[in-house]
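S.K.: Below you will find the structure I want to go over with you.
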Amino acid sequence: MIRRGFSPTQLAARAAYLLKGNDLGAMTTAAPKLYPHMWSWDAAIVAAGLASLSVERAVRELDTLLSAQWSTGMIPHIVFAPAATGYFPGPERWETARLAASAPKKPETSGITQPPVHVIAVQRILDHSRRRGKTVRGVAEEFLNRRWPDLMRWHRWLATARDQGQHGLITLYHGWESGMDNSPRWDAAYENVVPGRMPGYVREDISVVGDPGQRPTNAEYDRYLWLVEQMKSVGYDDEKLPAVMGFQVQDVFFSAIFAMACEMLAYIGEDHAKPHADVRELRAWAELFRSGVASTAHHRSGAASDFDLIAGQRIPTDTLAMFAPLICGGLDRPREMALARLFEGSRWCGHPDLLYALPPSTSPVSKQYRPKEYWRGPVWPVITWIFSFAFARRGWPERAAQLKDEALRLVADGKFAEYYEPHTGEALGSMQQSWTAAAVLDWLG
Ligand code: GLC
């Protein structure tokens, strides 16, 4: 089946127009209705996309995000837009400014984090500035010099507060921290979260996404909010969280992104004469987390898995988590080849019923596969973009290009949806999603 759509030039123009429409001045909302604030990993992808249009505007996006960094080094998963309404849980539920000693008073933020893709944006800012004149290059370099200590603090916080046992694996206290909120990866761990008494609430997401079948259930939502109450009970204190949290998992996908980001930042640091000690530390983290991810891999297939620290159990799932080692490396060659074949083969991207050869969020042959449900089956263009970026870095340009070409076909409808049904290409979730547009711009820019 051939789907007609916008030409690459038209698509890039529409993507740029969309980002302008979602721009509040110094921050781009993740999406106009469903997500009217700034999300951490969305903002990084948005900045990477904006860099092809304006290095200055991309820098401003990251500056806004980093202005919300906690004194511990954590970059919070949401920075709330001052006047926006219509999102729950908002700042009055998180109460970080009042309860967390390390949270900023302004801007208001959530109290959890998200995957560290920010160095990709820094890299794109530097890449694009190199093609411009001295003035723009100056903007990018001034930004890097000014924010280098903050980027180091962010990475150091992840490597220490979120890997207290030095396993080379990042611990999450909430499924939302993975960015793959409702993935089957977290089902078993959530079952052990038993909500107690807490203030009532009204969900906003189901009034925006018309079909509740695509969204988490109310029982799931109770658990999400109970975890927030547990964090609040210890003032979001990193030292105290391990003793109170009902959800504690080591996330391989997050850890793989972290390993890649540390390596990238080390190269950037070296190129820009940053302190040797910082570069050494980044290289050591990259190595530790690469080995941490590889240590979870299956002895034959190379597929990685998360680990539930509370149940003391590995969480093998047929989800994107399996492919974490392809992002950061660390496997021996036979297993790496086996894993790449699995990714491209008929259980994943090469499944005969898929409209495009793109990775769905769960394998189409898995019992847990739901092609329209949030993080349980649909294709996220931005995740494809992350794989494509990582594959190009790993020295696999053909694989990177194929993902890009297939994804550009999928999004040629010009809707820039949050996610897509893998068999029909139906646009789902929120429309005009900023990071979908930004990924497309980066590909076409
Ligand atoms: C959803 C996604 C998360 C994303 C956010 C904003 O919560 O699961 O990854 O950051 O939407 O787009």
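The values are calculated or read from the model by the stated rules, or taken from the named source; none is laboratory data. As the structure is a prediction and not an experimental result, all values here were calculated from the model. Here the Cβ positions follow ideal geometry from the backbone for every residue, glycine too, while neighbour counts run over all protein chains shown. For the accessible areas, the whole protein counts, side chains as well, though only heavy atoms, and no ligand, DNA or RNA atoms are used. Shrake-Rupley method; radii C 1.70, N 1.55, O 1.52, S 1.80 Å.
S.K.: Among the numbered criteria (1) part of a helix (DSSP H, G or I); (2) open to solvent by 50 Å² or more (accessible area, probe 1.4 Å); (3) modelled with pLDDT of 95 or more, which one does L227 miss?
M.R.: (2)
S.K.: Please specify each residue of segment 371-397 satisfying the condition of being out of contact with any helix residue (DSSP H, G or I) (no Cβ under 9 Å at 6 or more places or on another chain) and either outside any loop (DSSP other than H, G, I, E, B) or free of Cβ contacts under 8 Å to residues at least 24 places away in the same chain (or both). Steps first, answer last, please.
M.R.: To start, the set of residues in segment 371-397 that are out of contact with any helix residue (DSSP H, G or I) (no Cβ under 9 Å at 6 or more places or on another chain) comprises 371, 377, 395.
The answer is G395, and nothing else.
S.K.: Six or more apart or on different chains, Cβ atoms under 9 Å: show the pairs whose first residue is in segment 269-297 and closer than 23 Å to E142 by Cβ and whose second is among the acidic types (D, E).
M.R.: Note: pairs meeting the criteria are G269/D278; H272/E141; H276/E270; V279/E270; L282/E263.
S.K.: Now a separate question. If we only count helices (runs of 4 or more DSSP H) wholly inside segment 1-91, which ones have 3 or more residues that are surrounded by fewer than 24 Cβ atoms within 10 Å (Cβ to Cβ) and either away from the ligand (no atom under 16 Å from the Cβ) or hydrophobic (A, V, I, L, M, F, W, C) (or both)? Full working, then the answer.
M.R.: On the way: elements: 8-21, 40-50, 55-66.
Those helices (runs of 4 or more DSSP H) span 8-21, 55-66.
S.K.: Another question about this same structure. Give segment 416-429 a look and list any residue that's within 21 Å of the chain's Cα centre (by Cα) and modelled with pLDDT of 95 or more, or say none.
M.R.: Hits for segment 416-429 are F416, A417, E418, Y419, Y420, E421, P422, A427, L428.
S.K.: Another question about this same structure. In segment 170-188, what count of residues is obtained for those that are farther than 18 Å from A256 by Cα and either open to solvent by 10 Å² or more (accessible area, probe 1.4 Å) or more than 16 Å from the ligand (Cβ to nearest atom) (or both)?
M.R.: 2
S.K.: Scanning segment 154-169 for residues that are in a helix (DSSP H, G or I) and touching a Phe, Trp or Tyr at 6+ places or on another chain (Cβ under 9 Å), which turns out most open to solvent (accessible area, probe 1.4 Å)?
M.R.: The residue in question is R156.
S.K.: Right, another one. For segment 409-416, indicate whether the set of residues that are open to solvent by less than 10 Å² (accessible area, probe 1.4 Å) and either within 15 Å of the ligand (Cβ to nearest atom) or touching an Asp or Glu at 6+ places or on another chain (Cβ under 6 Å) (or both) is non-empty.
M.R.: yes
S.K.: Only residues in segment 84-102 that are among the aromatic types (F, W, Y) count as the first member; pair them with residues that are assigned to a helix (DSSP H, G or I), Cβ under 8 angstrom, at least 6 apart or cross-chain, and list the lot.
M.R.: So the pair list comes out as F88/D205; W94/V228; W94/K232.
S.K.: Quick check: is even one residue across segment 369-384 touching a strand residue (DSSP E or B) at 6+ places or on another chain (Cβ under 7 Å), within 16 Å of the ligand (Cβ to nearest atom) and open to solvent by 10 Å² or more (accessible area, probe 1.4 Å)?
M.R.: Yes.
S.K.: With respect to A427, is the statement that it is within 16 Å of the ligand (Cβ to nearest atom), surrounded by fewer than 22 Cβ atoms within 10 Å (Cβ to Cβ) and without any contact (Cβ under 8 Å) to a residue 60 or more places away in the chain true?
M.R.: On the way: within 16 Å of the ligand (Cβ to nearest atom): yes; surrounded by fewer than 22 Cβ atoms within 10 Å (Cβ to Cβ): yes; without any contact (Cβ under 8 Å) to a residue 60 or more places away in the chain: yes.
Spelling it out, A427 is indeed within 16 Å of the ligand (Cβ to nearest atom), surrounded by fewer than 22 Cβ atoms within 10 Å (Cβ to Cβ) and without any contact (Cβ under 8 Å) to a residue 60 or more places away in the chain.
S.K.: State whether one or more residues within segment 110-127 are away from the ligand (no atom under 13 Å from the Cβ) and surrounded by fewer than 17 Cβ atoms within 10 Å (Cβ to Cβ).
M.R.: Yes, there is a match, as at least one residue in segment 110-127 is away from the ligand (no atom under 13 Å from the Cβ) and surrounded by fewer than 17 Cβ atoms within 10 Å (Cβ to Cβ).
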